[in-house]
Amino acid sequence: MERRAFLRAAVPTAAVGLAGCIGGSTPTDYDVGMGAKEFRPETLEVTAGTTVTWLNTNKQGHSVTAYESELPDGADYFASGGFDSEKAAEDAWDNSSGGTLFEGQTFEHTFEVPGEYPYFCIPHERGGMVGSVVVTGDRSTTETSSATRPTDGNTTAPN
């Protein structure tokens with residue numbers, strides 16, 4: 001068999017056989033992606049009762065950390081790692097990179113109280129990695145109760 005003909009036949013078969021071994025599978029069902037130093041989209045609008053999922057789509061470690069003093073009255077604090085305050089999240093990051101989301105990992109939070117929820121990535125805040133979730137109305141009074149979930153991290157909030 002001619003060498004080129006062999007390579008045309010063998011390489012695609014080998015690539016298919018190795019496809020499951022290279023990297024991992026990255027979930028595509030998420031609302032906010034994390035790039036090198038950005039959340040995509042930066043602002044997401046959802047209705048009350050919606051669970052938002054963040055996915056680290058980058059090789060760098062990131063966090064999702066709420067600005068505690070800017071949360072709506074009565075809203076639950078949120079941070080990757082399950083910390084109950086901004087200070088606890090920052091201390092854990094400083095001590096052991098606590099709350100880190102590595103490539104392909106997700107974090108979820110359900111937003112019950114209408115208002116704006118600003119958040120940041122602890123190691124990349126100075127580089128401008130900040131975002132916000134804007135929660136509107138009550139899901140019982142609106143037809144749509146979840147965000148449009150991007151498949152590539154480049155789409156924005158729901159209609």
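Out of the residues in region 38-53 meeting the condition of being farther than 14 Å from V113 by Cα and in contact with a Gly (Cβ under 8 Å, 6 or more places away or on another chain), tell me which one is surrounded by the fewest Cβ atoms within 10 Å (Cβ to Cβ).
Filtering first and then ranking leaves E42.
What's the total number of residues in region 72-128 that are of a type in the set (G, A, S), open to solvent by 40 Å² or more (accessible area, probe 1.4 Å) and outside any loop (DSSP other than H, G, I, E, B)?
Of the residues in that region, 2 qualify.
A quick yes/no check of all residues on (1) in contact with a His (Cβ under 8 Å, 6 or more places away or on another chain); (2) under 21 Å from G33 (Cα atoms); (3) free of Cβ contacts under 8 Å to residues at least 12 places away in the same chain:
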{"position": "N95", "(1), (2), (3)": "no, no, yes"}
{"position": "T106", "(1), (2), (3)": "no, yes, no"}
{"position": "E125", "(1), (2), (3)": "no, yes, yes"}
{"position": "V130", "(1), (2), (3)": "no, yes, no"}
{"position": "G137", "(1), (2), (3)": "no, no, no"}
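Just for region 16-37: of the residues that are open to solvent by 70 Å² or more (accessible area, probe 1.4 Å) and of a type in the set (V, I, T), which one is modelled with the highest pLDDT?
Result: T28.
Against the condition modelled with pLDDT under 95, in a loop (DSSP other than H, G, I, E, B) and surrounded by fewer than 19 Cβ atoms within 10 Å (Cβ to Cβ), how does A10 come out, does it pass?
Details: modelled with pLDDT under 95: yes; in a loop (DSSP other than H, G, I, E, B): no; surrounded by fewer than 19 Cβ atoms within 10 Å (Cβ to Cβ): yes.
So A10 fails the test.
The values are calculated or read from the model by the stated rules, or taken from the named source; none is laboratory data. The shown structure was predicted, so the numbers you read here are calculated from the model rather than taken from an experiment. When we count neighbours, we look across all protein chains shown, and the Cβ atoms used for this are built from the backbone with ideal geometry, even at glycine. Accessible surface is based on the protein model in full, side chains and every heavy atom, while ligands, DNA and RNA are left aside. Shrake-Rupley method; radii C 1.70, N 1.55, O 1.52, S 1.80 Å.
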